[in-house]
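Novice: Handing you this structure, nothing more for now.
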Amino acid sequence: MDADGTVWRKSRRSGSTGGDCVEVTRVAAGEVDIPHKADAEYLYLMRDSKNPDGPVLAFTPSEWEAFTLGVKDGEFDDMVED
């Protein structure tokens, strides 16, 4: 949880070893200053768990759905190193 009370979540698959992973949260759009996405009711935010003060990606609900469906469909599997 951040100092402002925002609760970030990591995937269960990231393990407890502190490996490479991202954290996500959902917030009301008015709680964050992202002007180009201000018309969304809420936003999904994603950040690097090892750098919580670093950059944050913001997704509208439709962008988040497209992203997560792409992951589930294997659209990014060719980007994974063996």
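Values in this text are rule-based calculations from the coordinates and carry no lab data. For clarity, every value in this text was computed on a predicted model and none was experimentally measured. Cβ coordinates were reconstructed from backbone atoms using ideal geometry, including for glycine residues, and neighbour counts include every protein chain displayed.
Novice: Say each of D33 and F67 gets a label point 7 Å from the Cα, pointing the same way as Cα to Cβ; how far apart are those two points in nm?
Specialist: 2.2
Novice: Next question, about the same structure. Out of the trypsin sites (Lys or Arg not before Pro) in the stretch 1-75, which ones are loop residues according to DSSP with at most 13 other C-beta atoms within 10 Å? Before the final figure, lay out the partial values.
Specialist: Working: sites: R9, K10, R12, R13, R26, K37, R47, K50, K72; in loops: K50.
Filter output for the stretch 1-75: K50.
Novice: Going by C-beta contacts inside 10 Å, put L69, L57, L43 in order with the fewest on the left.
Specialist: Neighbour counts put them in this order, fewest first: L69, L57, L43.
Novice: Ranking W8, W64 by Cβ neighbours within 10 Å, fewest first, what do you get?
Specialist: On the way: W8 15, W64 18.
Lowest to highest Cβ neighbour count: W8, W64.
Novice: For S49, which sequence-distant residues (separation of 5 or more, or a different chain) have an amide H within less than 5 Å of its own amide H, given hydrogens modelled in the peptide plane?
Specialist: Under 5 Å from the amide H of S49 lie the amide H atoms of C21, V22, E23, each far enough along the sequence or on another chain.
Novice: Sticking with this structure for a sec: Would you tally the net charge around R9, using a Cβ to Cβ cut-off of less than 10 Å, leaving R9 out, and scoring K and R as +1, D and E as -1?
Specialist: Summing Lys/Arg as +1 and Asp/Glu as -1 gives +2.
Novice: Shifting gears a bit: Could you give me the radius of gyration and the Dmax of the chain, taking only the C-alpha atoms into account and expressing both in angstrom?
Specialist: 13.9, 41
Novice: Now for a different question. Taking R0 as 35 Å, what FRET efficiency do you get between D78 and D4 from their Cβ-Cβ distance, rounded to the nearest 0.05?
Specialist: Working: r = 38 Å, r/R0 = 1.07.
Here the calculated transfer efficiency is 0.40.
Novice: Further question on the same structure: Please give the calculated 222 nm ellipticity per residue for the chain, where each DSSP H segment of at least 4 residues contributes -39500 (n - 2.57) and the sum is spread over every residue; nearest 500 deg cm²/dmol?
Specialist: On the way: 1 runs with 12 residues, N = 82.
Per the formula, -4500 deg cm²/dmol.
Novice: Once the other residues with Cβ under 15 Å from the Cβ of E23 are scored (Lys, Arg +1; Asp, Glu -1), what is the net sum? Walk me through the numbers on the way to the answer.
Specialist: On the way: positive: R9, K10, R12, R13, R26, R47, K50; negative: D2, D4, D20, D48, D53.
Every neighbour counted, the sum reads +2.
Novice: Calculate the spin-label point distance for T25 paired with R12, positioning each point 7 Å from the Cα along the beta-carbon direction, and give it in nanometres.
Specialist: That separation, rounded to one decimal, is 2.3 nm.
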